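The values are calculated or read from the model by the stated rules, or taken from the named source; none is laboratory data. Every value quoted in this text rests on a predicted model; they were computed, and no experiment measured them. Here Cβ is always computed from backbone atoms with ideal geometry, including for glycine, and neighbour counts include all displayed protein chains. The area values use the complete protein model at the heavy-atom level, side chains included, leaving out ligands, DNA and RNA. Shrake-Rupley method; radii C 1.70, N 1.55, O 1.52, S 1.80 Å.
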Amino acid sequence: MRMKHLTWIDIDRKTILANVRNLGRLAGTKVALAAAVKANGYGHGLAEMTAILMDSPVEYLALHSTLEAEAAREAGWDRKILLVGGIAPEDIDAVLRLDIEPTVFDIGFIESLGRLCRRSKTAARVHIKLETGTNRQGFNRKELDRAATVLKKYPELKVEGASTHFANIEDTTDHTYAMYQLDRFKALVEQLKAKGIVQYRRHTACSAALLLFKDTYFDLVRPGIALYGYWPSKETYVSYKLEGGRNSILKPALSWYSRITQIKTVEADSFVGYGCTYRTSTRSTIAIIPVGYCDGFDRRLSNLGYVLVKGKRAPIRGRICMNLTMIDITDIPGVKVYDTVTIIGTDGKEQITADTHAGWCQSINYEVLSRLSPLIPRQVV
Ligand SMILES: *Cc1c(COP(=O)(O)O)cnc(C)c1O
């Protein structure tokens, strides 16, 4: 749907809900869903994703920061929030104010939260992060007993979950390391049991784990990228297909459009854009679109990628600027100023996805999506 703006993003509500439904089916009815909507809902818009997910059975939003949690509450999310990132000591009261379930991986933080709860005579639910080999956040085998002792000291702190995160599950078709981490997770769960911490939900599965390994589901799964209709990687897709997985389980829900603001004829042997990196070989028709690298249109796509105009590929000419990009429409007849250009999405028989962009700039769909500027207007369609 065209907006009054010159660039905008459409989020297809039905597609997101279908992806959630298919992932939920995979997880089964006994497993709860936490939707990873950190990084502005992987670029889809946190408020927009919150509104859509309100009509789904998702129990948790998984967010990175207290600022994101605040935005989700402002957008009307009244279910649970799992915070997967850290919290500054000065901001710790946000846990109670915003009713967040933080991930804990630091003894000092547990102590501070325990003291805060005791002072304010309230309880907080926490998820203890277990270090199984990613060497990011989490308590390792040596630290865990002490963490458990401190948790026990504060009955105000209810251990609601124990979690871990895989290091090498989407980057390979060899899942030996993921299975090793799963074994370590089970061993650390036993260690918690020995310290008397038993009644909580175990959770380990990101999208790739959910798509590939039932053994990783436990009580709760935390898909991110798959909700938006993207595969975590080609390797995950190949592994899934080798296991006989269904084809149409995921479908991208985001489209990004712009409109042409100027069309000009440029003579042969003329330069286009900063650095004079492109020179026309023939008389060319160049169109200007008001999007640039500040919007998340990666500068590495300069002289490399294309957009879609009237169902045809229009190559990017010269360098992508901060707010503007020049495209070549010489071979596309009938294009007018203010016509719509598809940057991500489908036009006729052509489709450009975040994977297409990621391939062009040697990145991953996660980065392409999460760096779409929050300033681009979003609409749910
Ligand atoms: C972002 C995140 C996820 C989701 O990962 P995907 O690969 O996008 O499914 C799951 N768990 C944690 C801890 C995360 O930070």
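Kindly evaluate ARG21 against the criterion of being charged (D, E, K, R), open to solvent by 10 Å² or more (accessible area, probe 1.4 Å) and over 30 Å from LEU324 (Cα atoms).
When the stated conditions are applied, ARG21 passes them.
Is there a residue being outside the structural domain of VAL20 (by TED's automatic domain parsing), open to solvent by less than 70 Å² (accessible area, probe 1.4 Å) and over 24 Å from GLY359 (Cα atoms) anywhere in the stretch 297-304? Spell out the reasoning first.
Of the residues in the stretch 297-304, the ones outside the structural domain of VAL20 (by TED's automatic domain parsing) are 297-304.
From what's left, open to solvent by less than 70 Å² (accessible area, probe 1.4 Å): 297-298, 301-303.
Among the residues that remain, those that are also over 24 Å from GLY359 (Cα atoms) are: none.
Checking the stretch 297-304: not a single residue is outside the structural domain of VAL20 (by TED's automatic domain parsing), open to solvent by less than 70 Å² (accessible area, probe 1.4 Å) and over 24 Å from GLY359 (Cα atoms).
Any idea how many residues of the stretch 258-293 are open to solvent by 60 Å² or more (accessible area, probe 1.4 Å) and in a strand (DSSP E or B)?
The number of residues fulfilling the criteria is 5.
Kindly indicate whether any position in the stretch 339-356 is in contact with a strand residue (DSSP E or B) (Cβ under 6 Å, 6 or more places away or on another chain), modelled with pLDDT of 95 or more, open to solvent by 10 Å² or more (accessible area, probe 1.4 Å) and β-branched (Val, Ile, Thr).
Checked the stretch 339-356: at least one residue is in contact with a strand residue (DSSP E or B) (Cβ under 6 Å, 6 or more places away or on another chain), modelled with pLDDT of 95 or more, open to solvent by 10 Å² or more (accessible area, probe 1.4 Å) and β-branched (Val, Ile, Thr).
Restricting to the stretch 261-296, name every residue that is within 33 Å of the chain's Cα centre (by Cα) and either touching a residue at least 40 places away in the same chain (Cβ under 8 Å) or outside the structural domain of ASN323 (by TED's automatic domain parsing) (or both).
Answer for the stretch 261-296, where residues must be within 33 Å of the chain's Cα centre (by Cα) and either touching a residue at least 40 places away in the same chain (Cβ under 8 Å) or outside the structural domain of ASN323 (by TED's automatic domain parsing) (or both): THR261, GLY273, TYR274, ALA287, ILE289, PRO290, VAL291, CYS294, ASP295, GLY296.
Check ASN168 against each of (1) open to solvent by 40 Å² or more (accessible area, probe 1.4 Å); (2) away from the ligand (no atom under 16 Å from the Cβ) and name the one condition it does not meet.
(2)
Of the residues that sit in the stretch 174-200 and are farther than 15 Å from ASP215 by Cα and loosely packed, with under 14 Cβ neighbours inside 10 Å, which one is nearest to the ligand (Cβ to nearest atom)?
ASP174
Taking the conditions exactly as written (within 23 Å of SER163 (Cα to Cα) and not small (Gly, Ala, Ser)), does GLU48 satisfy them or not?
Spelling it out, it is not the case that GLU48 is within 23 Å of SER163 (Cα to Cα) and not small (Gly, Ala, Ser).
For the stretch 232-252, what are the residues that are near the ligand (Cβ under 10 Å from one of its atoms) and open to solvent by 20 Å² or more (accessible area, probe 1.4 Å)?
Quick first cut of the stretch 232-252, residues near the ligand (Cβ under 10 Å from one of its atoms) only: 232-233, 236.
Residue satisfying the conditions is SER233 alone.
Of all the residues that make up the stretch 322-376, how many are within 17 Å of TYR306 (Cβ to Cβ) and in a helix (DSSP H, G or I)?
Total meeting the criteria: 8.
Among the residues that make up the stretch 97-116, is at least one of them in contact with a Pro (Cβ under 9 Å, 6 or more places away or on another chain), within 16 Å of the ligand (Cβ to nearest atom), without any contact (Cβ under 8 Å) to a residue 60 or more places away in the chain and not in a helix (DSSP H, G or I)?
Scanning the stretch 97-116 turns up no residue that is in contact with a Pro (Cβ under 9 Å, 6 or more places away or on another chain), within 16 Å of the ligand (Cβ to nearest atom), without any contact (Cβ under 8 Å) to a residue 60 or more places away in the chain and not in a helix (DSSP H, G or I).
Test of understanding: among THR29, THR7, which residue is among the polar types (S, T, N, Q) and surrounded by fewer than 16 Cβ atoms within 10 Å (Cβ to Cβ)?
Matching residue, one of THR29, THR7: THR29.
So, of the residues in the stretch 122-136 that are open to solvent by 50 Å² or more (accessible area, probe 1.4 Å) and outside any strand (DSSP E or B), which turns out to be farthest from LEU182 (Cα to Cα)?
Our first condition is that a residue be open to solvent by 50 Å² or more (accessible area, probe 1.4 Å); within the stretch 122-136, this holds for 122-123, 125, 135-136.
The next check asks that each one be outside any strand (DSSP E or B); those that pass are 122-123, 135-136.
On the way: THR122: 34, ALA123: 30, ASN135: 14, ARG136: 16 Å.
Filtering first and then ranking leaves THR122.
Each row is one residue, and each column tells you yes or no for (1) within 18 Å of the chain's Cα centre (by Cα); (2) assigned by TED's automatic domain parsing to the domain that holds ALA124; (3) more than 20 Å from LEU375 (Cα to Cα).
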residue: THR50; (1), (2), (3): yes, yes, no
residue: PRO57; (1), (2), (3): no, yes, yes
residue: LEU67; (1), (2), (3): yes, yes, no
residue: GLU74; (1), (2), (3): no, yes, no
residue: ARG79; (1), (2), (3): no, yes, yes
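Checking the condition in contact with a Pro (Cβ under 9 Å, 6 or more places away or on another chain), closer than 18 Å to SER255 by Cβ and of a type in the set (A, V, I, L, M), which residue from ILE376, ILE327, ILE289, ILE364 passes?
Only one candidate qualifies: ILE327.
Looking only at the stretch 201-225, how many residues end up being within 17 Å of ALA36 (Cβ to Cβ) and either among the β-branched types (Val, Ile, Thr) or more than 16 Å from the ligand (Cβ to nearest atom) (or both)?
4
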